[in-house]
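Have a look at the structure below, then the notes.
The values are calculated or read from the model by the stated rules, or taken from the named source; none is laboratory data. It should be emphasised that the depicted structure is a prediction, and the values quoted were computed from it without experimental measurement. Cβ coordinates were reconstructed from backbone atoms using ideal geometry, including for glycine residues, and neighbour counts include every protein chain displayed. Surface accessibility is based on the protein's heavy atoms, side chains included, excluding ligands, DNA and RNA. Shrake-Rupley method; radii C 1.70, N 1.55, O 1.52, S 1.80 Å.
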Amino acid sequence: MSVQTQGTDTAGGPAVRKARIPRPPRAEDRGSRAPSRRGAAAPYLLLLPALLATVVLLGWPLVKNGMLSFQNLNPRQLIQHLTEWNGVENYRQVLSESEFWHVLERSVFFTVANVVLIMGIGTLIGLLLARLGRRMRLLLMVGLVLAWAMPYVAATTVYQWLFAQRFGVVNWVLDNLGWHSMADYNWMGSQFSTFSVVILLIVWQSVPFVAINLYAATTTIPKELYEAASLDGAGAWQSFTSVTLPFLRPFLYATTFLEVIWVFKSFTQLFAMNQGGPDHLTETLPIYAYVEGVGNQHFGVGAAISFLTILVLLVITSYYLRMVLKQEEDEL
């Protein structure tokens, strides 16, 4: 639609110009925008089932655990169906005990020792996988996957048999190699030896994940970069530090983050191996929460310890995430 307006041309005579008025959008134009909006909402709809499952399976138990931590919940309250709120008394009781701080310190050292060994050995095996031939790589990866797929309780039972005091394979081998004092050595009799066996078990179970993850990361590195480094006269170590390590750094950060969480909350191996013994010297925070809550039937105290465990883990991981984000900002 247009209207005519009168004006003056260059010769001084009247001139006619057309002024266009925007036409209203047609129905088919309005309808064409709907698919784009539906396409924008599609990712959120696909995430909705996972978010609902997370809220139901993780969020609600976390809320219930937080509520229990503010209650005086013992067998009497359970039998009589009583709800006795005691505020922060459970937290005050836990934080005032020296045992909690000893267990916390032990848990941190246990996590650090495991993560350092896991990441060191896993990285070396991942780099080895990248250099092996196809057949040897396949053979090694099958062995890694089998170790990774073994259930925790089954793996712990195997290690208990290997390190048994009287008929253990490890003691028999050490005795035959000349260490006769190890013939009847009790690996579960001291804190250091028990932790050594458990750390060996956890490292054996965790290394396959790190190795396979790092090997997959090496496949994303362009070969041209190694060729350019070789032409510049770079040796093996220089190629690793200038080419391989920068590409692997994000994978190393992410894998370390996951391993810290997995090791810190590990329960099955420690409890199935020696139930936190001897004399509660190998208890970490998850076992400590279980012993106080289920074992001693102080369920409110156990809930408070488990909630404090989550807070400690959040503090550790938040510091780690801050380091990662800072490095990404520096790279940008």
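Annotations
- Other residues whose C-beta falls under 15 angstrom from the C-beta of SER69 contribute a net charge of -1, scoring Lys and Arg +1 and Asp and Glu -1.
- Kirkwood Rh and Cα Rg combined as Rg/Rh, region 81-231: 1.15
- Cα gyration tensor shape for region 95-137, rounded if a/c is under 1.5, else prolate or oblate: prolate
- Accessible area ranking (1.4 Å probe, heavy atoms, ligands and nucleic acids excluded), largest first, for ASP184, ASP175, ASP279: ASP279, ASP184, ASP175.
- Accessible-area ranking of TYR91, TYR185, largest first, probe 1.4 Å: TYR185, TYR91
- 222 nm mean residue ellipticity, helices alone, for the chain (DSSP H n ≥ 4; -39,500 (n - 2.57); rounded to 500): -22500 deg cm²/dmol
- Averaging Cα coordinates gives a centre for region 189-266 and one for region 297-316; these two points are 31 Å apart.
- Entry note, the chain: relative contact order of 22 percent, from Cα contacts under 8 Å with a spacing of 6+ residues.
- Shape of region 30-164, Cα gyration tensor, a/c cut at 1.5: oblate
- Three-way shape call for region 128-168 based on the alpha-carbon gyration tensor, with the a/c threshold at 1.5: prolate
- Shown here is the pair-distance distribution of the chain: with all Cα-Cα distances grouped in 20 Å bins from zero up to the longest one, the shares run 20, 41, 23, 9, 5, 1, 0 percent.
- To the nearest 10, the accessible area of HIS298 is 70 Å² with a 1.4 Å probe.
- Farthest toward positive dipole pole in region 181-332 [+1 Lys/Arg, -1 Asp/Glu at C-beta], among LEU231, MET273, THR220: MET273
- Taking all protein chains into account, the per residue accessible area for region 153-272 stands at 54 Å² (1.4 Å probe).
- Using only side-chain charges placed at the Cβ, +1 for Lys and Arg and -1 for Asp and Glu, the dipole size of the chain relative to its Cα centre rounds to 1860 debye.
- Solvent-accessible area assigned to carbon and sulfur over the chain amounts to 67 percent, based on a 1.4 Å probe.
- With every protein chain in place and a 1.4 angstrom probe, the accessible-area ranking of LEU281, LEU248, largest first, reads LEU281, LEU248.
- Spin-label model, ASN186 to LEU139: label points 7 Å out along the Cα-to-beta-carbon direction sit 4.2 nm apart.
- Neighbourhood net charge (15 Å Cβ-Cβ; Lys/Arg +1, Asp/Glu -1) for THR282: -3
- Site pair LEU124 and LEU57 shows an inter-label distance of 3.6 nm when each label is modelled 7 Å from Cα along Cα→Cβ.
- Mean shadow area of region 170-276, taken as a quarter of the surface of its Cα convex hull (nm²): 10.1
- Taking Cβ atoms as reference points and 15 Å as the exclusive limit, the residues near LEU140 contribute a net charge of +4, counting Lys and Arg as +1 and Asp and Glu as -1.
- Accessible-area value, ILE221, 1.4 Å probe, nucleic acids and ligands omitted, Å²: 10
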